[in-house]
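Where a number appears in this text, it was derived from the coordinates with a stated rule and is not lab data. Just so you know, these numbers come straight off a predicted model, no measurement behind them. FYI the Cβ positions are ideal-geometry reconstructions off the backbone, even for glycines, and counts take in every protein chain you see.
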Amino acid sequence: MSETARDMQDLYRELVLDHSRNPRHFGRLDDATHTADGINPLCGDKLQLYLRVNTAGEIESSSFEGSGCAISIASASLLTDAVRGLPIAQAQACSTAVTARLTTGDQAIELAANLDKLRALDGVRHYPSRVKCATLAWYALRSALNQDNTPATTE
Ligand code: FES
């Protein structure tokens with residue numbers, strides 16, 4: 001691995017650690033228009049995702065709460081940062097891309113240029129048993145945007 005690739009990997013690892021220790025946008029969003037639960041039945045961890053979508057169809061605000069492991073919290077924190085300001089269609093595409101990158105390991109799957117930070121989650125591929133921890137919030141995002149009241153599950 002080149003020095004640059006190693007530096008990027010270290011940077012991304014630090015980013016995940018930072019988001020797990022200091023989760024962004026943690027707490028209930030009282031004026032949410034879209035919500036969903038995400039459950040990992042293997043461990044019982046559960047997250048609630050809250051979005052406020054405006055009349056133009058853009059995500060104005062986002063937050064999450066719940067309990068989970070460090071990876072699931074970091075992933076939800078990165079998600080709530082990333083989706084702010086995105087139109088619904090772009091957030092849906094983002095959910096699809098992140099979950100596909102995590103489950104297939106195909107890093108050629110494009111992320112929108114302004115969502116480069118989400119590459120930090122690619123490192124989770126090195127720990128196959130943790131992939132579901134990282135996808136949990138992203139499945140909840142898909143459910144919230146589809147206004148599907150069934151809890152999203154990693155299974
Ligand atoms: Fe439960 Fe990671 S161990 S979501």
Normalise the Debye intensity by I(0) for the range 75-134, one equal point scatterer per Cα, no solvent, then take log10 at q = 0.12, 0.22 Å⁻¹ and round to two decimals.
-0.25, -0.85
Rounded to one decimal in nm, the spacing of the 7 Å Cα→Cβ label points at E155 and T96 is 2.7
Cβ-defined net charge surrounding L136, 12 Å radius [Lys, Arg +1; Asp, Glu -1]
+1
Please report the spacing between the Cα centers of the range 7-85 and the range 133-149 in Å, no decimals.
10
So which residue, out of Y127, Y139, Y50, gets the largest mean-square fluctuation from a GNM of the chain using Cα contacts under 10 Å as springs?
Y127
Specify the angular offset, from 0 to 90 degrees and rounded to the nearest 10, of the alpha carbon long axis of helix 3-21 from the longest principal axis of the alpha carbons in the chain.
40
To the nearest 0.05, the calculated FRET efficiency linking N146 and E3 through their beta-carbon distance, R0 being 41 Å, is 0.45
Quick calc: nm separation of the 7 Å Cα→Cβ label points for R13 and E60 -> 4.1
Please find, in a Gaussian network model of the chain (springs between Cα atoms separated by less than 10 Å), the residue of I109, I59, I39 whose mean-square fluctuation is greatest.
I109
Hull surface over four for the Cα convex hull of the range 37-153, reported in nm², is 6.5
Quick check for you: which residues of the range 128-155 have the amide N under 12 Å from the point 7 Å beyond the Cα of T103 toward its beta carbon?
132, 135-136, 138-140, 153-155
Please report the antiparallel percentage of the DSSP beta bridges confined to the range 4-153, to the nearest 5.
85
